[in-house]
1. Pop the C-beta distance of L125 and M207 into the FRET formula with R0 = 30 Å and round what comes out to the nearest 0.05.
2. If I take all pairs of Cα atoms in segment 122-168, what percentage of them are more than 17 Å from each other?
3. Under a straight-distance cross-link criterion of Cα-Cα below 29 Å, which lysines are reachable from K295, leaving out those fewer than 8 residues away in the same chain?
4. Can you return the lysines within cross-link range of K45? Criterion is Cα-Cα under 16 Å, with same-chain partners fewer than 8 residues away left out.
5. With 29 Å as the cut-off, how large is the P(r) tail for segment 80-226, expressed as percent of Cα-Cα pairs?
6. 7 Å from Cα along Cα→Cβ at both Q102 and L200: what's the point-to-point distance in nm?
7. By average Cβ neighbour count within 10 Å, what is the ranking of 164-175, 86-97 from highest down?
8. Please state the equivalent ellipsoid semi-axes for segment 171-212: what are the square roots of 5 times the Cα gyration tensor eigenvalues, largest first, in whole Å?
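Read-outs throughout are calculated quantities, based only on the coordinates presented, and are distinct from any laboratory measurement. Computed from a predicted model, the values in this text were never measured in an experiment. Neighbour counts are summed over all protein chains in view; Cβ atoms, including those assigned to glycine, are modelled from backbone coordinates with ideal geometry.
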Amino acid sequence: MVQAALAIKTGTPADDKLEKVIDGNTEESPAALIALVETKVARDKPISYETTTLVEAYAQELRGTDMGNRLLQTQIIALSQAAQFDEAFDALGILAPAISTQQSRNLHRTVVEQLTKNANDVVFLDHFFRQDTEVVASLGTSLKLAVAERLMDLGFVTEVQGLLDTVPDRPLHRARQLTSARAAIGLRQPYRAQAALVGLDDPEASMLLAQAKEMAGSYTEAAQIFMDLDAPERAAEAAWLSEDWPGPIRPGSPAFGAIAARVGTDIGDPSPAEGPLGRADSALKESRALREALKDLLTAPALQITEDPDAISDVGDGI
């Protein structure tokens, strides 16, 4: 045990030494088992089913003692590290009345952290929505942000916003700002999204800002930001709705470039020297060019509606 403790202190793996003590089935075995679980958790290493079962057995054998309580806490940590979340939360429910509130919250944080990192979507949502609001409020900023990001990816924007409201907005935290902006956009709150992004100046934040401005009706600003981000199609979509169309659309932009070039062309006043036939010929050429630009626009792949082969099949079967 001394050799194992020295190895752990110097950052050297001590699993072999601890397992030797555990296998000896001595008075030191429970302490060695606790140390083994703690070192594996610290290195984010998987814990075997045999180890979690052994922890449970010792906890039962020593129940009612300080070591028994320590083993129960270790069992919960081991179960969560082994992705056995049903068992971990059940054991936590049994142990919570016998330990302090702070110990219970610390264990909850550990289990929720593993749940957020390693559980599949269904298991994550099932257990997260069972948590008491006080427990969620005590998770800590970094863990709340990790939970909020996962909820955001799964589309639970209202829950994300509620969770982020429990995170202090000072000092500014980039992850909180980005997730808050995403949630606000998902809830169609563009001004709240813009407020969340204050102070950020990077491509991810700029893309969210452009979406928020577009949602708020600031199409010209949105189009300019999209163009700066090299997203010409998004810029064109916003520019179509702006008051100064074609605005920032470049002539070479896909789909919208040709028509923007025609709209931006100043054909000027007819020259008296051209005569009626010359002026008519110029008008025909301009009309032809504009028709071609419109044709290109209407047939551009970016503007086509993708047909649903299943729907087509259904119609064919009906016929």
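1. Computed FRET efficiency for L125 and M207: 0.65.
2. In whole percent, the share of Cα-Cα pairs in segment 122-168 beyond 17 Å is 22.
3. Straight-distance partners of K295: K285.
4. Reachable lysines: K117.
5. Distances greater than 29 Å cover 27 percent of the Cα pairs.
6. The two pseudo-label positions are separated by 3.5 nm.
7. Listed from highest to lowest mean packing, they are 86-97, 164-175.
8. So the three semi-axes of segment 171-212 are 14, 11, 8 Å.
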